[in-house]
Structures are given as C-alpha cells and as structure tokens.
1. Does the range B:160-174 hold any residues that are more than 8 Å from ligand 2 (Cβ to nearest atom) and more than 18 Å from residue A:322 (Cα to Cα), and which are they?
2. For the range B:136-157, how many residues meet the condition of being facing chain A (nearest Cβ under 7 Å) and either free of Cβ contacts under 8 Å to residues at least 60 places away in the same chain or within 17 Å of residue B:224 (Cβ to Cβ) (or both)?
3. Kindly provide the set of residues from the range A:453-481 that are touching a helix residue (DSSP H, G or I) at 6+ places or on another chain (Cβ under 7 Å), crowded, with 18+ Cβ neighbours inside 10 Å and more than 14 Å from chain B (Cβ to nearest Cβ), ordered by number.
4. Of the residues that make up the range A:224-237, is at least one within 16 Å of ligand 3 (Cβ to nearest atom) and either within 14 Å of chain B (Cβ to nearest Cβ) or assigned to a loop (DSSP other than H, G, I, E, B) (or both)?
5. Which one of the conditions (1) more than 14 Å from chain B (Cβ to nearest Cβ); (2) in a loop (DSSP other than H, G, I, E, B) does residue A:490 fail to meet, given that it meets all the rest?
6. Against the condition over 30 Å from residue A:117 (Cβ atoms) and in contact (Cβ under 8 Å) with a residue 12 or more places away in the chain, how does residue A:64 come out, does it pass?
7. Quick check on this structure: which one of B:81, B:53 is without any contact (Cβ under 8 Å) to a residue 24 or more places away in the chain and within 15 Å of ligand 3 (Cβ to nearest atom)?
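The values are calculated or read from the model by the stated rules, or taken from the named source; none is laboratory data. Computed from a prediction, not measured in an experiment: that's the story for all the values here. In this analysis, Cβ positions are derived from the backbone assuming ideal geometry, glycine residues included, and neighbour counts consider all displayed protein chains.
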Ligand SMILES: Cc1cc2nc3c(=O)[nH]c(=O)nc-3n(C[C@H](O)[C@H](O)[C@H](O)COP(=O)(O)OP(=O)(O)OC[C@H]3O[C@@H](n4cnc5c(N)ncnc54)[C@H](O)[C@@H]3O)c2cc1C
Ligand code: SF4
Ligand code: FES
C-alpha cells in the first residue's frame, strides 16, 4: 500500500460515538450548549438498536393511580428500581435517574413524541414487572421507534454533523486524556481520525455475545471493548438480563407489555406455573424471576418440544390486542405464522440486556479524563444486578442529557486538542487493518463467531456453576487462539462487511473473557446472576461491584462497595 | 432452494447475477439466507442489516420483483407463491432475467437509488427528500409545565404515519420516482403530512406549502404501489390525496 494519502483528521469540540437514544439526546444537549458536536455511527442513526424498544419508558408522572388510589412518586420508583436490582444499584445514581424521569418524558413529549394517551388526554401509563404503580409511558408498542425518530428529527434540525456507517476502531489517548478516536469509513475502507475535547461513548449493549438474543445483530459491544482497551475498567459485566419471553425461533422480543396487558404463561400441562414461583405478582414478577421459572419448567419436562412455553393473550380479545399490542401481533404473524388473537405465542428466554458496562460515575465520567459513557454501554450503576423494564429507555435519555451537561462544564475553557496523536493512531489503525486483510489463509471468521455465541449461552447463560464456567473459559481461550489466525477472503475496500464483522469479533472475544472471569469470581446468586453452586445472595462478600481492568493484556478483577443510602438490602420477594 | 442475487462490484463496475444453493430451514427469512451465503459461500456479499425484526427499516430490497424487508420475508412463502403482489409497472420490474419463481428467490437492490455494492444502495437521495420536508415538531405556543393533552383519536390518526420506519420500500416501488428523480416520493410526503395533522401544532396549513410544487404533492399519480409494499401499512397515497384536496379547496394549487 505504498503512496497512500495521509489519513483525514476531522476536528470537532465533541465526538459522540453512537446514534441511539443516548447518543442523540446527548448530541442535542451539547449542540444547544454551543459545542460543535459530531455523531459517529456504524449504521444510519434510525437503524440503531433503540428503535426496537417496545414496551415503554418509566416516569412517576402519576397519571394513573395505583391499586388503592395511591399516587406514584420518584421515591417509589427508586425503591422499585433498587429492589429490582437486588440491591446492587448505586442508590445515589438511582435517585438522580428517578428524579429526572418525569421531566425526561415531558421533554420528549414537548419535542414531538406521540405517546399513547388516557381518555383525559394525559400520557397513558401501564404496569410493568417489578413496579408498584402503573409507571411505564408508551407509544403503542413502538416506544423506542417513536422516541428515536423524535430525537433524530431534533438533531437534524440543529444541523448536527453525522458520520454514518463509520465503524470506530480505537480511542486515542494523549497526555493522560482521551482526545479523539479513529473510525473506518465503510464506503471507502479508509480510516479517519477524529480529534475532540471529549469523546462520549453511547454504543449500546453487547447482547450478540449470545446465540439467543433479542438484540439487533449490530449489538456487539464495540464501545465497551474500546473503553477497556483505552485503560478504563468495566463494571459488573457478569450481569446479563435474560428476557423471559422471546419468540421461539428468532428470539424476537415479545414485550413484557403483553403480560402487563394481561397475558398469561402456561406450561405444557396447561398450568399457570408462575403461581408457584411468584404467588403475588405472578406473570409480572421481575424478568430474572420469570426467566428462571420458564427455564426450570422446560428443564423439568413441562415445556414444549424444542424448549418453549406458551404466552397466551387470547382471553384479552381481538379488539384489545389490536388496539394495545398491534406490534406484537404483527411479529407473531410475520415471524412465527401465529395470530395471538386465536393462538398462544411460543416463547423462551433469551439474552436481552447488558446491565454491566463501562464504569462511570453519576456524571458519566470514566476514569480517563475526556472520556464519557452513557446508555446501555455504561454502568453507573442504576440497574445493579437486574434492570426493570422501562428503566433503560429512561436511563438513555435522562443520562444522555445529564452527561452532556457534565461535559459542557468540564470542557469549558479547554483548548482544542493537538491532532498529532489522532493522526498517527489513524495511520497505525490503517496499517493494522491492512495486515488483517493481507492474510491469505486462516480460520473462518463466522465459524469462530458462532462457536463463541453458543459457548456463551451454554456456559454463561441463565444458570451458572463453577465446573461449567471453567470449561467455558477454556473454550473461550481456544477460540481466542483460533482468532489469532482468522482471515477474510474479501479484500475489497468498499463496504467490506466481513472486515467489520472481524473487528466486531475481536471485541466480542475480549468482552466474553471479562464476562466469564467476572461471573466465575462472583460466588453468590444475585439478580440475573444465578449460581446453582451458590444459590444464596451473599451481602457480606458481594454487596459490591466487580471492576475488570485490562493490565498487560491480562484481566484483573477488583471489587468496590455499592453506594447504599436510602434502602437497606432485604430479601427480594414478589 | 436457490438464491439468485444481483451483484455489483464498484471497483470494476461489473454487474451480474450469482446463484447460490441454500439449505432452507423452516421459518427462514431472506435475510437469514443472505447470511448463509456470506458465511458459507462468499464473504464479499454486501447487504445491510440491523434489527432482523422488521422495525429498523434497514433491509429493504427488491425481492421477487417486489420491494420488501428481507428480514420479514419468508423464503418458503415466496416459493409457494403466497406473497405474490401485483404492482403498477415501472422499469425496474421489467428487466428481463431468466428466473424460476418456484425454485429460486430473486434478490436485487432497492430501485431508484444509486448502487454502492451488491444489494447496498445509497439512501442519501431518499433521506434528502425526507430532510427537505423539514420533519421536526413545531408546537404552537409556549411549552406547558406538563404534557400537551391529546385526544386518543388524534393519536390513532397520527400513528398511521408515525409508524413509518423510513425503509424506502415505497420509494423503490413508485413509478413516479422511477421517471422523475425530483419527485419527493411517498415516505417524505407521508412524513410531512404527519406533522401537518399533529393537533399540537398551529395547524395553519403552512406545512403543506413545503411540498406544494409540481415535484411534491402534485406529482403523485396514485398508482398506490407505496401502500401495497409498505411493511408498516402506512398509506402515503391517502396523505397525498388529502393534502391535495385541502390545498385545492383553499385555492392553493400551484400553477402548472
Ligand atoms: C427488543 C428490545 C426491546 C426493548 N424494549 C425496551 C423498553 O420497552 N423499555 C426500555 O426501557 N428498554 C427497552 N430495551 C432496552 C433499550 O432499548 C436499550 O437499552 C437502549 O435502547 C440502548 O440505547 P443506547 O442509546 O444505549 O444504544 P443503541 O440504541 O444500541 O445505539 C448504539 C449506537 O452505537 C453505534 N455504535 C455501536 N458500535 C459502534 C462502533 N464501533 N462505531 C460506531 N458506532 C457504533 C450504533 O451504530 C448505534 O447508533 C429493549 C431492548 C430490546 C433488545
Ligand atoms: S411509508 Fe412504509 S414503505 Fe415507505 S418508507 Fe415508510 S415504512 Fe417504508
Ligand atoms: S433488519 Fe431491521 S427491518 Fe430488516
């Protein structure tokens, strides 16, 4: 590749990586504060995973009274969140989010989001698992789609510059700060440099580490791996939420809203088995509880052939289903050939959400000055060991804005960064990619990726124990060895997706290793992390966050206490 | 079953069709079949994907001569003919190729947009029209402390249009877009109409003006391909018809 032109280096005040809800909300706030802001995304913004969120966004608006006529409050929201988290959430972070929630939803409404309404014209709210009040605001069952469109419209209106279909390959460190990143332009295969006073990671979760996942295919955790490689620790990576109801076959999500609206789970004996697992909240118990219940039913031979149970909506009636769950009905018809008005939906648990992520404080600051994170890629931690439905959209939008405000404060008076480090990193990244593309033979990329996903589901899935996890770890090590010899046949520069998948796989293997080590070391069961060999929660040793560092290419774990304050840990009962 | 795929290599500008033998599984989507090709046969095959659940709008392509989402289209249903659809004709449908619909699934890029590689097209012209209708909420009056109240019926009326996932299927299905590169296309007009009927806006009809040109509302010939191919049942043709009637009734038709 002699005679290559120098890498292009773009200079902006702020670079936001990710154009989902958190990235867009942050970009809007940064732009309003007068910062020259750019957003980099590996897909067109509206294709971001946020678009898929169905059920809704939590806020204690109190538009719908609770059972005994009581009114919702941010404190009640905080209590539910902390209890749902199995007391691993940092309570000051939860407070920030729950206080901000009503304002967040009202702001979205003011920006144009068409929320579903009550008879009296106020935003409708429905009950969701683990919540004492009907707190979840929604736009039919297309909440993420509606909010993402609103924020994209607002961002376009502010003439924010988007670099679309640019895949970020590295963060740049210079003089103890993060001063930018490098990204490969899919259209040309060229690596560009981006220099900025600060970088915000809003790259979403890493659900696609798992074979069965509700996540978009692009959710490979790139941003989380970028942060780790830039010297920032990852927090609580072992906590993976498995959604109880994903469509058998494609694992497309069947929203909890379907149970919120009255849907019921049945096993093959036609029993409402949730009566045995959660006598009070039944089908609306928190996700981890329901997911484990279904897995146990299936393991005990009370599932259907292939490993699923039924989610029955038929008793709700055609009108109700058409009005309140049109998206779910469409999904069942398109992807399983079933009409929920007449037939139950076959469902099984699948990976759904990554609670852990880049370690940040309540202002979204990482330990590397100039580097911030928000949304699903970050861990502040508001979800602890288990996230409540509807709290994640809230986190993305609320923290998208709050973190942007922190950035505005922190970057005031900072000079524009030097571009040398970015330029030379862009050149070395280009070289690295040229070397990868230059390999003539080697291991098949897709075979390694499939093996990785199966390994994760099998050994680090809903139920975990030491023996299996150790076996899983040695499998991961062998996959890593194979990856060192990986190659792609496609040598083209233009829209080389095999190359992008290869870069994604590299990140996925790194995150899988961190997740595995973190899970092995946590010798207790808490929230989504279920150890059959340590079935009890152990507050004495593990009321603490796992922090994973990458030191000399080795993963190094340590623990940090949870910030309590409002609510003392007690046993979770539902 | 066999996949017959349009290929385009931007480096040498060669266009051709490749055939791949695929083992079909129950419930297999066209998108899944494309992944099989990429994994097992040819890792240079380019196509866009994201949600695989018909919500993100990434994967619109011309499948068996109908613009559809690859992730939502079942291979088996294509082969048994149950997805056949009659569309008003336009040039992309007429390209004469040898193809047996009982055994082969034909996949080509979304028409009316520049080719990038294989099944990937440049969506920029489509989004340029979208931006041209200035799709951003401009509410009337100062923001209240709480939400603006909305009638449930108004919400349902709006949802017919907010459901659009900007996949571009309608753009690739429109005979007018085929012959007039300046025509805004169904999705952009439907988006404009969504804001026009939002009861929280002033409703003074000024929005309609943005497309009150021969290339806007008035270019539509009501072939209704848009509504037929729309994976979200958005009816752009109805929005266009209503907008035109409103403009005509107010004597605001542009001179032509
Ligand atoms: C099916 C489903 C339904 C859900 N429903 C709900 C719900 O009802 N309520 C709720 O609260 N939560 C829900 N969630 C969770 C919620 O949708 C997500 O947690 C949230 O949308 C994440 O938003 P984000 O902004 O953090 O990231 P994302 O929306 O995932 O966006 C990530 C962005 O980063 C970009 N990116 C990633 N890597 C790179 C890279 N290397 N280079 C450049 N760009 C990159 C992507 O292009 C994308 O723009 C649901 C999740 C799923 C899977
Ligand atoms: S109107 Fe329908 S076909 Fe057209 S872009 Fe929107 S969702 Fe796609
Ligand atoms: S991949 Fe999202 S619509 Fe097909």
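1. B:172, B:174
2. The number of residues fulfilling the criteria is 10.
3. Answer for the range A:453-481, where residues must be touching a helix residue (DSSP H, G or I) at 6+ places or on another chain (Cβ under 7 Å), crowded, with 18+ Cβ neighbours inside 10 Å and more than 14 Å from chain B (Cβ to nearest Cβ): A:455, A:456, A:459, A:460, A:462, A:464, A:469, A:472, A:473, A:475, A:476, A:479.
4. Checked the range A:224-237: no residue is within 16 Å of ligand 3 (Cβ to nearest atom) and either within 14 Å of chain B (Cβ to nearest Cβ) or assigned to a loop (DSSP other than H, G, I, E, B) (or both).
5. (1)
6. Judged against the criteria, residue A:64 is not a match.
7. Residue meeting the stated conditions: B:53.
Here is a yes/no grid of residues against (1) buried (at least 23 other Cβ atoms within 10 Å of the Cβ); (2) facing another protein chain (nearest Cβ under 10 Å); (3) within 15 Å of residue A:57 (Cα to Cα); (4) in contact (Cβ under 8 Å) with a residue 12 or more places away in the chain:
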{"site": "A:119", "(1), (2), (3), (4)": "no, yes, no, no"}
{"site": "A:128", "(1), (2), (3), (4)": "yes, no, yes, yes"}
{"site": "A:131", "(1), (2), (3), (4)": "yes, no, yes, yes"}
{"site": "A:152", "(1), (2), (3), (4)": "yes, yes, no, yes"}
